[in-house]
Structure formats: C-alpha cells, structure tokens
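K.L.:
Once you've had a glance at the structure underneath, I'll fire off some questions.
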Amino acid sequence: MSDEIKNEEVKASEEELAEELNEEVAQEVKEPEKKQSLNDEIKEFNKEHGVTLDAPIVVHKKGDASYEENTEAYEMNETHTGEARPTLVRHRFKKEKKSTKKPYIIIGVIVVFAAVFAALYYTGNITFGPKETTTKPTTESTTVNLQEKYKGTIVVKGTYIFVNGVEVDGIKGLQDELKYEDASPTAFEIIVEDENTEFLNLEVLALLENMGFFTDKTTVTHLDKTGLMAADEQTTQAETTAATAVETTAAPQSEATTG
C-alpha cells in the first residue's frame with residue numbers, strides 16, 4: 001500500500017515538473033512576440049504623431065578599416081551587409097583636405113616680377129628721371145667697317161696699337177700678332193695718329209724693323225683722326241658722358257631749390 005502511494009506521489013511530482021517546463025518554454029516563445037508587438041506599437045505611435053528619429057552619424061576617418069573613398073549615399077543593406085536586418089545608423093566619410101600650392105605660386109610670381117623690374121631698372125631700360133641719351137662711340141657695325149678700312153695697316157695712336165683695325169696689348173701684343181705673319185717691309189702700312197715720338201721710334205718701329213716689317217720701303221702715313229678708339233678711351237668717354245648727364249639733370253633741380 002505504501003509503495004502505491006509513493007508511486008502516485010512521484011507521478012504527481014513529475015507531472016507538476018512537466019507543466020512548469022512547458023510554461024517556461026511557452027513564456028520564452030511568447031517573449032520575442034511581445035517585443036515585436038511593442039516595437040510595432042512604437043512605430044505605429046510615431047507614424048500617427050509624425051515623430052521621426054534621426055539616426056546617429058558615424059564619421060569614418062581615413063585609415064579606418066571602414067573608410068571608403070566614394071562619398072555617395074549608401075543603402076542601409078550595403079552599409080551593414082553582415083546583419084540580418086538593415087540598420088538606421090548613417091555614415092559620413094570624412095575626406096582628407098588636400099594642401100593647396102596657390103600661395104606659393106603667387107609669391108613666386110611676385111618674386112619674378114620684382115627681379116625683372118630690378119633688372120630693367122639697373123640696365124637703364126626703366127628710369128624715373130629725365131632719360132639720358134648717350135651715344136656709343138663705336139657701334140658693332142662701325143667696328144666692322146673700321147676693321148675693313150684699316151685691314152693691312154698698323155695704326156699707332158699715342159701709346160695704343162691697332163693691327164688690321166683691332167687693338168692689341170701694347171708692344172707684346174704687336175709682337176704676338178706678327179710672329180705668324182710672313183715678314184715683309186710692304187706687308188703693312190703704318191698709320192700714325194696723335195704721335196708719341198719716343199714710343200713710336202724707340203719701341204714700335206724698332207720692333208717692326210727687328211722682325212722685318214719696317215724698312216725705307218715701308219709706307220708711313222700721319223692722320224689727324226682715324227676713328228679707332230682703344231678700350232680705355234671708350235671707358236673714359238662713357239664715364240665723362242654719364243657725369244655730364246648727371247650734372248645736366250641736377251642743375252635744374254638745384255635752381256628750383258634755390259629759387
């Protein structure tokens with residue numbers, strides 16, 4: 001009798017345990033349905049009252065694994081492909097600002113302009129005062145014409161010497177110029193301008209005679225002006241012309257100040 005009672009009690013206990021387990025399983029099954037129902041109610045409420053929620057913005061910086069160059073709008077499914085359902089998180093990709101070289105280009109243009117202006121000013125192409133008019137005593141065309149005119153001559157102008165219309169460096173230059181020429185007393189005509197007797201006789205003619213370029217057969221001509229100018233003479237003349245121009249420019253200003 002006691003064994004039957006125990007069996008009935010065990011059976012009743014098992015039935016109660018089974019019912020409790022069934023209730024727990026049913027509760028777990030109903031839980032997602034409750035959550036889904038609650039979400040539906042919230043959505044329905046927001047829809048009726050015109051409530052909209054802005055999704056948070058996630059900024060992707062260059063270097064992040066999620067960074068992409070394309071900044072066009074993405075579909076939600078494309079943003080999170082690994083999720084079962086789309087997300088409401090919006091994404092904005094931050095582009096790195098590129099440095100501009102515009103300021104450096106402007107500075108470079110200004111520097112070049114200043115350099116060109118300075119070059120023009122110091123070469124005399126741009127002046128802020130009265131324009132100086134200077135004439136070069138010997139232009140390139142004039143030099144060529146003089147060389148043709150005095151070809152085959154040795155011109156002794158004071159202490160300057162010209163061979164074939166080209167200046168040489170004194171007695172040494174004359175010797176270097178003639179050492180490869182065929183020695184002949186008629187090879188060159190000697191022209192004298194602004195005679196320096198001592199220099200002409202004791203140095204120039206003595207050298208020419210020693211080298212075989214001067215005898216009684218050599219033609220010697222005296223001219224008042226040949227038109228040939230040594231480098232030193234050209235420099236002196238240019239300095240004199242510049243000084244005269246400065247004095248001419250300063251004179252009216254001085255008179256105006258005094259007046």
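K.L.:
Among LEU223, LEU208, which is aliphatic (A, V, I, L, M) and buried (at least 16 other Cβ atoms within 10 Å of the Cβ)?
P.N.:
Just a single option satisfies the conditions, and that option is LEU208.
K.L.:
To continue, here is another question. Only one of (1) in contact with a strand residue (DSSP E or B) (Cβ under 8 Å, 6 or more places away or on another chain); (2) of a type outside the set (A, V, I, L, M, F, W, C); (3) under 14 Å from ILE154 (Cα atoms) fails for LYS225. Which number is that?
P.N.:
The single condition LYS225 does not satisfy is (3).
K.L.:
Just give me the residues in segment 147-162 being surrounded by 20 or more Cβ atoms within 10 Å (Cβ to Cβ) and either under 48 Å from the mean Cα position of the chain (by Cα) or not β-branched (Val, Ile, Thr) (or both), in sequence order.
P.N.:
TYR150, LYS157, TYR160, PHE162, listed by residue number.
K.L.:
Oh, and also: Can you give me the number of residues within segment 215-228 that are on the phi < 0 side of the Ramachandran plot and in contact (Cβ under 8 Å) with a residue 60 or more places away in the chain? Don't jump to the end; show me each part of the working.
P.N.:
So the first thing to find is which residues in segment 215-228 are on the phi < 0 side of the Ramachandran plot, and the list is 215-226, 228.
With the extra rule that they be in contact (Cβ under 8 Å) with a residue 60 or more places away in the chain, the set shrinks to 226, 228.
Going through segment 215-228 one residue at a time, the tally reaches 2.
K.L.:
Output yes when any residue across segment 184-192 is open to solvent by 20 Å² or more (accessible area, probe 1.4 Å), touching a Phe, Trp or Tyr at 6+ places or on another chain (Cβ under 8 Å) and of a type in the set (Gly, Ala, Ser), and no when none is.
P.N.:
yes
K.L.:
Got a number for residues in segment 200-214 being free of Cβ contacts under 8 Å to residues at least 24 places away in the same chain, more than 16 Å from VAL155 (Cβ to Cβ) and aliphatic (A, V, I, L, M)?
P.N.:
Total meeting the criteria: 2.
The values are calculated or read from the model by the stated rules, or taken from the named source; none is laboratory data. Worth saying up front: this structure is predicted, and the values here are computed from it rather than measured. Note that we place each Cβ from the backbone using ideal geometry, even for glycine, and neighbour counts take in every protein chain shown. All accessible areas refer to the heavy atoms of the entire protein, side chains included, with ligands and DNA or RNA removed. Shrake-Rupley method; radii C 1.70, N 1.55, O 1.52, S 1.80 Å.
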